[in-house]
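What follows is a single structure, written as C-alpha cells, with notes after it.
The values are calculated or read from the model by the stated rules, or taken from the named source; none is laboratory data. Computed from a prediction, not measured in an experiment: that's the story for all the values here. No Cβ is skipped: glycine too gets one built from the backbone with ideal geometry, and neighbour counts run over all protein chains shown. What goes into the accessible areas is simple: the full protein's heavy atoms, side chains included, and nothing from ligands, DNA or RNA. Shrake-Rupley method; radii C 1.70, N 1.55, O 1.52, S 1.80 Å.
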Amino acid sequence: MLTLESVSAGYGRVEALRGVSLGVRRGELVCLLGANGAGKTTTLKTISGLVQARSGRIVFDGEEIHGLDAPEIVRRGIAHCPEGRRVFPFLTVEENLRIGAWTRRGAEIAADMDRVYASFPILSERRRQPAGTLSGGEQQMLAIGRALMSRPRLILFDEPSLGLAPTAVEITFGIIKEIRETGTTVLMVEQNAYGALRMADRAYVMEAGRITLDGAARDLLHDAHVKQAYLGG
Amino acid sequence: MEAFLQHLLNGLLLGGTYALLGIGLTLIFGLMNVVNFAHGEFYTLGAYLTFAAASLLRVNFVLAIAVAILGGSLLGALCERVLLRPLRGESIDTTMLVMIGLWIATQNGELLAWGGVAKSIPHPFPTAPIVIGPVSVAPLRLFVLAAVLVLIAGSHVLIHRTRLGVAMRATFQDRETAALMGIDVGGIHTLTFAFGSGLAAAAGALLGPIFLVYPSMGDLAALKAFSVVILGGLGNFAGATLGGVILGIAEELGAGYVSSGYRDAVGFVIIILVLLVRPSGLFARAGRVG
C-alpha cells in the first residue's frame, strides 16, 4: 500500500534520512523503532509531505506522492497523528474534530463525528471545551479522533504513548488496535518498543537515518540486538 | 452630563474605526508574524478609493465605500502573494523592513497620483444634526457608526462561527498541524492579509468623508492601530475590538475635558501606562490568539 524507495531527506545541511526503504501492506500494523534522532519522525513527516524528500520515491496505492504538499496527501487518504498530540488548544473539541474533516464535504461528516463521540464518550461530554483544557490522555483521544475524521486509509502515529499515564497508554494502544481491526492500515513510531512490538505485525529498526533491521514483530521481540538496545536488556 | 454623553457617542464612533484598524493589524500579526507598517496605507487607500468612486465616477456613496473595501482587500491579497509569500520563513525583521518600504512607496505614490492638497468626499446625508435627547449627531456619523458595528459583528461571525474562521484560528495556533489537516496554509495567509487590509480600507472609507483625505493620513491611523493592538494584546480579536473602543472614548474625553490639542497625547499616555503595568495588553491571556 505504501512503499518508500531509498528516500533521503533532511533539514538544511543536516541529512536526517539516508536512503530509507520500507513498505506497509494493506491492513498491516507496522512499527518503526529507533533511538532519538534516528530519523523516525522525519520518515513520517516525509510521507505526509511536511518534509520534502531530496531523492527516492514514495508510492501510495500505486501513485507517486513525493513532492505533493501536506494538504494533497491528506486528500489521498493518509492521516498523520503528530508527536505530542498537537490538538489546537484554543479550539473546542468539536472544532478540532471539524478541522480533521477539512478536506471533506457533505452530510457524512456529522455521522462520522457521532461515531467518534460514540467511541470516546468523554470527548462528547467536553465537546464545547477548549482542547487545551483536556488531560493528556483525552487529548490523545481527540488527536486520534481528529485523524479519523479525514477517513484515512493509512494512519501514521508518531509516539502516541509519549507523556501519557500508564492507564492512558493502555487505552491508546487499545484504540490503535481497534483502528487496525476496522481495516485501516497503521504505521507507527513508538518509543515504548515492547508495547509496540506486541501489537505490530512487522517492525523496522532505524539507526542514524537508515533502516538497519526489519522483520516480523514477534521475531524482533526475541532478537538479541533489539532486546539489548530497545527493550532494556 | 450632556457633554459627557456627547463625548461618549463621539468616542464610540472614533473607537469603532480604531477597532477596525486594530483587528486587521492584530490578525495579520497573530497569524503571519508580520508587523505590518504599511497598515495605515490601506486606510489611506480606502479613503482615496471612496473619493475616486464617489467624487470622480459619481458612484452611489454606499457603493463607493464597498468598492473601497473590496479594492483594499484585493490589493492586500496582492501584497501578500507578491511581497510576503516569497519571504515565508524569513525573520520578522526582514518582513518588517519590506512593509516599511511598502509604506514609504505607497505614500509617495498617493502623493504623486493625487497631489498634496487634501480632498473632501461628498456624501448624500443632510448636515443638520439629529437631536436625540441630550446628544446631537450628524446623520453621516450615525451611518458610519452603524457601518462600523456591522463590520465588527461580521468579522466576529467570520472568525468564530464559520468554517473558514475555524481554519484561520487553527492556523494561528499551529501552522504545521493545520497543514496536516489539509488546510492550505498559504491560502489562509492570503485571505487573512486581504481581510485585515479590507478592514483598514473600510476604516479609511468611513472616516474619509467625516475628515479630509490626504496622502499622509495613514500615518496617524497606523499609530492608532498599533496602540489598539498593544492595548488589546497581540493576536487577540476581542482585545483589539475593546482596545479600539477604549482608546477612542479616552481620546474624546481627553479632548473634551482637557484640551483638544491633547487628543492624541491622551491615547499615548494610556499606552505607556498599559505597557508599564500590563505589558502583554489589557486582555491578554497566555498565548491566546484568535
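Given a 1.4 Å probe and every protein chain left where it sits, what share in percent of the accessible area of the stretch B:4-108 is carbon and sulfur?
The C+S portion of the solvent-accessible surface of the stretch B:4-108 is 71 percent.
Can you work out the Karplus-derived ³J(HN,Hα) for every residue in the stretch B:116-122? Use 6.51 cos²θ - 1.76 cosθ + 1.60 with θ = phi - 60°, whole Hz, and x for glycine or proline.
x, 6, 5, 10, 10, 8, x
Using a 1.4 angstrom probe with every protein chain in place, what is the largest-first accessible-area order of A:92, B:177?
A:92, B:177
For the protein assembly as shown, give the magnitude of the charge dipole about the Cα centre (Cβ charges: +1 Lys/Arg, -1 Asp/Glu; no others), in debye to the nearest 20.
Values: 44 positive and 40 negative charges, 82 e Å.
Around 400 debye, computed over the protein assembly as shown.
Using only Cα atoms and rounding to the nearest 10 degrees, what angle (0 to 90) does helix B:163-173 make with the longest principal axis of chain B?
Helix B:163-173 and the main axis of chain B meet at about 70 degrees.
If you bin the C-alpha pair distances of the stretch A:104-233 every 5 Å from 0, what whole percents do you get?
Per 5 Å bin, starting at 0, the Cα pair percentages come out as 2, 9, 18, 20, 18, 13, 8, 6, 4, 1, 0.
Note the angle between two axes, namely the Cα long axis of helix B:2-32 and the longest principal axis of the Cα atoms of chain B, as a number of degrees from 0 to 90, rounded to the nearest 10.
Approximately 20 degrees, to the nearest ten.
Using θ = phi - 60° and the Karplus form 6.51 cos²θ - 1.76 cosθ + 1.60, what ³J(HN,Hα) does each residue of the stretch A:157-167 get, whole Hz, x for Gly and Pro?
Karplus values, whole Hz, x for Gly and Pro: 10, 10, 6, x, 9, 4, x, 9, 5, x, 5.
Need one number: convex hull volume per residue for the stretch B:1-153, Cα atoms only, in Å³. Can you show the working numbers first?
Values: hull volume 21.3 nm³, N = 153.
Roughly 139 Å³ of hull volume per residue.
So what's the back-of-envelope 222 nm ellipticity for chain A, counting only DSSP H runs of four-plus at -39500 (n - 2.57) apiece and dividing by all residues, rounded to 500? Don't jump to the answer; show the numbers that get you there.
Numbers: 10 runs with 89 residues, N = 233.
Result for chain A, helices only: -10500 deg cm²/dmol.
For the stretch A:160-199 and the stretch B:216-230, what is the separation of their C-alpha centers, rounded to whole Å?
Going from one Cα centre to the other spans 52 Å.
Taking the square root of 5 times each eigenvalue of the Cα gyration tensor, what semi-axes in Å does the equivalent ellipsoid of the stretch A:183-233 have, largest first?
17, 13, 10
When chain A is treated as a GNM, springs tying every alpha-carbon pair under 10 Å, which of A:216, A:168, A:111 comes out with the largest mean-square fluctuation?
Most flexible of the set in this elastic network: A:111.
For the stretch B:1-59, evaluate the Debye formula with one uniform point scatterer on each Cα (no solvent term) and list log10 I(q)/I(0) at q = 0.13, 0.16, 0.21, 0.23 Å⁻¹, rounded to two decimals.
-0.55, -0.72, -0.86, -0.90
Find the percent of Cα-Cα distances in the stretch B:86-181 that exceed 16 Å, and round it to a whole number. Could the numbers behind the result be given before it?
Values: 3545 of 4560 pairs.
Pairs farther apart than 16 Å: 78 percent.
Collect residues whose amide H, placed 1.01 Å from N in the peptide plane, falls under 5 Å from the amide H of residue A:16; neighbours closer than 5 in sequence don't count.
Counting only residues 5 or more places away or on other chains, the set is A:9, A:10, A:11.
Using only DSSP helix segments of four residues or longer, with each worth -39500 (n - 2.57), what per-residue ellipticity at 222 nm results for chain B after dividing by its residue count and rounding to 500?
Numbers: 11 runs with 201 residues, N = 290.
Result for chain B, helices only: -23500 deg cm²/dmol.
Kindly write out, for the stretch A:202-212 in residue order, the coupling ³J(HN,Hα) from the Karplus curve 6.51 cos²θ - 1.76 cosθ + 1.60 (θ = phi - 60°), rounded to whole Hz, with x marking Gly and Pro.
Each residue's phi maps through the Karplus curve to give 9, 8, 10, 10, 10, 9, 6, x, 10, 7, 10 Hz.
Ignoring ligands, DNA and RNA and using a 1.4 Å probe, state the total buried accessible area between A and B in Å², rounded to the nearest 100.
Roughly 2100 Å².
Which three numbers, in whole Å and largest first, are the semi-axes of the equivalent ellipsoid of the stretch B:2-277 derived from its Cα gyration tensor as √(5λ)?
30, 22, 18
With labels modelled as points extended 7 Å from the Cα through the Cβ direction, what inter-label distance (nm, one decimal) is found for residue B:5 paired with residue A:170?
6.9
Regarding the stretch B:174-237, what whole-number volume in Å³ per residue does the convex hull of its Cα atoms give?
Value for the stretch B:174-237: 108 Å³ per residue.
Just report the Cα centroid separation between the stretch B:263-278 and the stretch A:1-66, whole Å.
53
What are the extents of the Cα atoms of the stretch A:2-230 along their three principal axes, listed from largest to smallest and rounded to whole Å?
Principal extents (Cα only, largest first): 46, 37, 32 Å.
Using alpha carbons only, how many angstrom separate the centre of the stretch B:2-20 from the centre of the stretch A:108-130?
Each part's Cα centre sits 45 Å from the other's.
Percent of Cα-Cα pairs more than 43 Å apart in the protein assembly as shown, please.
31
How many percent of the accessible area of the stretch A:80-139 is carbon or sulfur, using a 1.4 Å probe?
Its accessible area is 50 percent carbon and sulfur atoms.
Does anyone have the angle between helix B:39-51 and the longest principal axis of chain B? Alpha-carbon axes, 0 to 90°, nearest 10?
That helix lies at roughly 50 degrees to the long axis.
Compute the signed sum of charges (Lys and Arg +1, Asp and Glu -1) over the other residues within less than 12 Å, Cβ to Cβ, of residue B:187. If you can, show how the numbers build up before the last one.
Numbers: positive: B:81, B:85; negative: A:69, B:80, B:184.
Net local charge, residue B:187 excluded: -1.
Using a 1.4 angstrom probe on the protein heavy atoms only, could you order A:227, A:45, A:40 from most to least accessible area?
Working: A:227 80, A:45 45, A:40 10 Å².
Largest accessible area first, the list is A:227, A:45, A:40.
Take the alpha carbon gyration tensor of the stretch B:63-115, find the square roots of its eigenvalues, order them as a ≥ b ≥ c, and report rounded if a/c is under 1.5; if not, report prolate when a/b exceeds b/c, else oblate. Mind showing how you got there, number by number?
On the way: a/c = 3.40, a/b = 1.49, b/c = 2.28.
Here the stretch B:63-115 falls in the oblate category.
Could you grab the relative contact order for chain A? Cα pairs under 8 Å, six or more apart, rounded to a whole percent.
Values: 445 pairs, mean separation 64.4, N = 233.
Value for chain A: 28 percent.
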